[in-house]
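First the structure, in the form of structure tokens, and then the observations on it.
The values are calculated or read from the model by the stated rules, or taken from the named source; none is laboratory data. Since this is a predicted model, take the numbers as computed values, not measurements. Backbone-built Cβ (ideal geometry, glycine too); neighbour counts: all protein chains shown. In case anyone asks, the SASA skips ligands and DNA or RNA and just uses the protein heavy atoms, side chains included. Shrake-Rupley method; radii C 1.70, N 1.55, O 1.52, S 1.80 Å.
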Amino acid sequence: MKASNMIIGTLKEAPQEAVIDSHILLIRSGLVKKEVAGIYNFMPLGLKVLRKIENVIREEMDESGALEILCSALQPKEIWEESGRWQKYGPELMRLKDRNEREFCLGPTHEEVFTTLAKDFARSYKDLPKNVYQIQTKYRDEMRPRFGLIRSREFIMKDSYSFDKDEEGLDKSYNVMYDVYSRIFDRLHLDYVPVLADTGAIGGSSSHQFMALSDVGESTIIYNDNYAADQEKAETVAEDYNSSEEMKAIEEVSTPNVKTIEDLSTYLNVDKQRIVKALVYKNFTDNSLVVCFIRGDRELNKIKLTNYLGVGEYDLDFAKENEFESVGSVFGFVGPIGLKNVRIIVDTEVPMVKNQIVGSNKADYHLKNVNYERDYKGEVTDLRLAVSGNFDIIKKEPLKSRRGTEVGQIFKLGTKYSKAMNLNYVNPEGKDTPVVMGCYGIGVSRTFQAIIEQYHDEHGIVFPDDLAPYKVVIIPIKFKDEMGAISEQLYDTLKKAGVEVILDDRNQSFGVKSHDWDLIGIPYHIIVGRDAAQGNVEFKIRKSYSSEVVSIDEAISRLTK
Ligand code: ATP
Ligand code: MG
């Protein structure tokens, strides 16, 4: 391709909202253009990269025996009501009406559609197993679209769905997809780790996420040699603070205006571990309040709480201060003794804390020496947010944390959708049986940017050879006379040899041209200067940012090898 014929939209400056390198470079390189917040257009060079990523995914999916289809983004409300998700999905679901007031959504995912389609292609045990996929546009009205393609409102996903006769079949399909994902991310040159994951709004029994490692990733990975999980999911050993301490009698202490754990621990001169803090939530599915108790040095993992309560992410939020009265308490001083009309949920570490400091449900007072079981009870479950320094549940060894970007996730759905939506197959005995499903997503456009996040330097993007929009660019110092003619010849030769090559025939300074291709990340630059008449060119390797003078023949042979 000749550069004069291309759209090269490089920019000197990135917009202010771009704060991470990959987002800045994505925009500065002109590979994509922003339409409005969270909505982007792929320009010619960006689209070439996107297609290469898609093709890697497609090749590996096809190789595994999966079948590609393409579905509409528009989905009727009825199928979402069948699955029960029309209500549960919350404000992220982009809902709309047609001219006859019929309601639709723009699909954030396609479980409902694929389950419906499978009613035709998965009728009998003879039709199973099947794995069907698409590479298609998804819509999510994200609360905070940010980081460019990492969290956008329209994005491209590869989603696939497996259909099996039984759990054993699902296990097999899931393991196949786990391996396929590993191969895909290997071929995309990502530094990644698979981790245990929560199943979120999709539902189902078990799940893994594939995390591209990145210091600016939105996810936190809790890991050591025995264990790796997304922070939302991570389980850790419940730690003992002082379980062998003698129980003492309860005392009321005056704590005027002391509301935070920090202040309370200073004011009473006690460890935060001894303080049991209360978090009051409102469950919007029935407008009830729930009070959670957790050690003062811990944070609550809201995902664990929503899973425990069996409600959606958006069905639960902090209660308002004026609602505390209804359960017999007061903001800032909530404690477990004397609460009424409320579910009390206690983190697994709390029963092990002896002589706890808790709120008194009365302004400006706390209680000392309160003990679980003796003085109050609740439902005990793991509510803690795992952090580095906690211990893994396999070998009880210390855990570390690091950040990542979720580029893919796989789920064992089981019969959640097939039961809700009546997807049955006829088994060999002639009996209707629910199909056992799995689902598997890759954020294709997010992966695009995750690659840039891992492959860039101070000059711009450094695409791996096989993902770059073009492999090589020929840059004549001046595109005229002999330099021009030699450049054209070299261009023809490489093109004929099947090399993806650009000839920069633009009437621009060498500096401008070179800068553009550095930014866009073309792996090899051939600089045609005065030496070309003597048969020599400069061969620059973008990755090492180094160049050497080689003969034209040598350059050709390096690029065609
Ligand atoms: P997240 O937790 O980041 O919001 P998710 O777990 O809700 O993502 P899934 O439903 O698992 O996402 O979707 C499959 C894949 O689609 C994700 O692994 C991710 O790579 C990608 N993805 C999800 N949401 C977005 C988004 N808003 N923009 C770009 N890619 C996304
Ligand atoms: Mg996910």
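Mind ordering 350-363, 543-556 by average Cβ neighbours within 10 Å, highest first? Working shown, then result.
On the way: 350-363: 22.0, 543-556: 14.2.
Taking the mean over residues of other Cβ atoms within 10 Å, the ranking is 350-363, 543-556.
What's the lysine pair count for the range 472-560 at a Cα cut-off below 22 Å, pairs eight or more apart or interchain?
Within the range 472-560, the lysine pair count is 11.
Give me the 1.4 Å probe accessible area per residue for the range 251-381, excluding ligands and nucleic acids, in Å².
Averaged over the residues of the range 251-381, the accessible area is 45 Å².
Please name which of G441, N507, G430 has its Cα lying farthest along the dipole of the range 408-561 towards the positive end, using unit charges on Cβ (Lys, Arg +1; Asp, Glu -1) and the Cα centre as origin.
G430
Using 0.36 nm per residue, how much length does the chain from E379 to E245 gain when fully extended, once their Cα-Cα distance is taken away?
45.9 nm
Under a point-charge model restricted to the Cβ atoms of Lys and Arg (+1) and Asp and Glu (-1), what is the dipole moment magnitude of the range 1-114 relative to its Cα centre, in debye to the nearest 20? Each step should come with its number before you reach the end.
Values: 16 positive and 19 negative charges, 149 e Å.
My answer is approximately 720 debye.
Pull out the extension gain between N322 and Y178, defined as 0.36 nm times the separation in residues minus the alpha carbon to alpha carbon distance; nm, one decimal. Don't skip to the end; give the middle numbers.
On the way: separation 144, 0.36 × 144 = 51.84 nm, distance 4.85 nm.
Fully extending the segment from N322 to Y178 adds 47.0 nm.
For the range 356-465, calculate the relative contact order in percent as a whole number, restricting contacts to Cα pairs under 8 Å that are 6 or more residues apart. Walk me through the numbers on the way to the answer.
On the way: 104 pairs, mean separation 16.7, N = 110.
With pairs under 8 Å counted, the relative contact order is 15 percent.
DSSP loop GluC sites (Glu not before Pro) in the range 431-491 with at most 13 other Cβ atoms within 10 Å of their Cβ, which ones? Write out the running numbers ahead of the final one.
On the way: sites: E453, E458, E482, E488; in loops: E458.
Within the range 431-491, the qualifying GluC sites (Glu not before Pro) (loop, at most 13 other Cβ atoms within 10 Å) are E458.
With each pseudo-label sitting 7 Å past Cα toward Cβ, what's the K431-D492 distance in nm, one decimal?
Those two pseudo-labels are separated by 7.5 nm.
Based on the Kirkwood radius over alpha-carbon pairs, what is the Stokes-Einstein translational diffusion coefficient of the range 251-381 at 10 °C with 1.306 mPa s viscosity, in µm²/s?
108
Find the relative contact order for the range 472-560 and round it to a whole percent, using C-alpha pairs within less than 8 Å whose residues are 6+ positions apart.
31
Just reorder E538, E246, E349 by solvent-accessible area, largest first, 1.4 Å probe, all chains present.
E246, E538, E349
Could you list which residues have their amide H under 5 Å from that of R403, counting only those 5 or more apart in sequence or on another chain, with H placed in the peptide plane?
Amide H to amide H, under 5 Å and 5 or more residues apart or across chains, R403 pairs with S214, I221.
Per the Kirkwood treatment, what hydrodynamic radius in Å, one decimal, follows for the chain from the mean inverse distance over all distinct Cα pairs?
So the Kirkwood estimate lands at 27.3 Å.
Tell me, what HN-Hα J-couplings in whole Hz come from the Karplus equation 6.51 cos²θ - 1.76 cosθ + 1.60 at θ = phi - 60° for each residue of the range 330-338, using x for Gly and Pro?
Listing the rounded values in order: 9, 3, x, 9, 6, x, x, 9, x Hz.
Between M352 and D225, what FRET efficiency comes out of the Förster formula 1/(1 + (r/R0)^6) with R0 = 35 Å and r the beta carbon distance, rounded to 0.05? Walk me through the intermediate numbers first.
Values: r = 27 Å, r/R0 = 0.77.
Efficiency at R0 = 35 Å is approximately 0.85.
Of K165/K419; K88/K277; K248/K272; K77/K138, which sit over 20 Å apart, Cα to Cα? Mind dumping the intermediate values first?
Working: K165/K419 13 Å; K88/K277 29 Å; K248/K272 18 Å; K77/K138 16 Å.
In this structure, K88/K277 lie more than 20 Å apart at Cα.
Among bridges DSSP assigns within the range 251-381, what percent are antiparallel (round to 5)?
On the way: 18 of 27 bridges.
Expressed as a percentage, antiparallel bridges in the range 251-381 total about 65.
Ranked from highest to lowest mean number of other Cβ atoms within 10 Å per residue, what is the order of the peptides 442-449, 91-98? Could you put the intermediate results ahead of the total?
On the way: 442-449: 26.1, 91-98: 13.8.
The peptides rank, most packed first, as 442-449, 91-98.
Can you send over the carbon and sulfur percentage of the accessible area for the chain, probe radius 1.4 Å, protein chains only?
Exposed carbon and sulfur together represent 47 percent of the surface.
In whole Hz and in residue order, list the ³J(HN,Hα) couplings for the range 11-16 that follow from phi through the Karplus curve 6.51 cos²θ - 1.76 cosθ + 1.60, θ = phi - 60°; x for Gly and Pro.
10, 6, 10, 9, x, 4
Measuring from label point to label point, each 7 Å out along Cα→Cβ, what is the L67 to F331 span in nm?
Here the modelled spin labels are 5.8 nm apart.
Would you mind checking which residues have amide H under 5 Å from I345's amide H? H placed 1.01 Å from N; only 5 or more apart, or other chain.
Counting only residues 5 or more places away or on other chains, the set is V291, C292, F293, E379.
Along the charge dipole of the chain, which of G389, Q231, L149 sits closest to the positive end, that is, farthest toward it, with unit charges on the beta carbon of Lys, Arg, Asp and Glu (+1, +1, -1, -1)?
It is L149, whose Cα lies furthest towards the positive end.
I need the phi-derived Karplus couplings for the range 118-124: 6.51 cos²θ - 1.76 cosθ + 1.60, θ = phi - 60°, integer Hz, Gly and Pro marked x.
5, 4, 8, 9, 10, 8, 10
For N341 and T260, what is the calculated FRET efficiency with R₀ set at 30 Å and r taken between the beta-carbons, to the nearest 0.05?
The formula returns an efficiency of 0.65 here.
Tell me the angle of helix 510-520 to the major Cα principal axis of the chain, expressed in degrees between 0 and 90 and rounded to the nearest ten.
Orientation of helix 510-520: about 40 degrees from the principal axis.
With a/c under 1.5 counting as rounded, go ahead and sort the range 320-471 into rounded, prolate or oblate using the C-alpha gyration tensor (a ≥ b ≥ c being the square roots of the eigenvalues; past the cut-off, prolate if a/b is larger than b/c, else oblate).
Here the range 320-471 falls in the oblate category.
When the helix-only estimate is applied to the chain (DSSP H runs of n ≥ 4, each -39,500 (n - 2.57), divided by the residue count), what is the mean residue ellipticity at 222 nm, nearest 500 deg cm²/dmol?
-7500 deg cm²/dmol, from helical runs alone.
To the nearest 20 Debye, how big is the dipole of the chain about its Cα centre, given +1 on the beta carbon of each Lys and Arg and -1 on that of each Asp and Glu?
In debye, rounded to 20, the chain gives about 800.
At a Förster radius of 60 Å, what calculated FRET efficiency corresponds to the Cβ-Cβ distance of S205 and S551, to the nearest 0.05?
0.45
Could I have the simple spin-label model distance between K419 and E168, label points 7 Å from Cα toward Cβ, reported in nm to one decimal?
2.1
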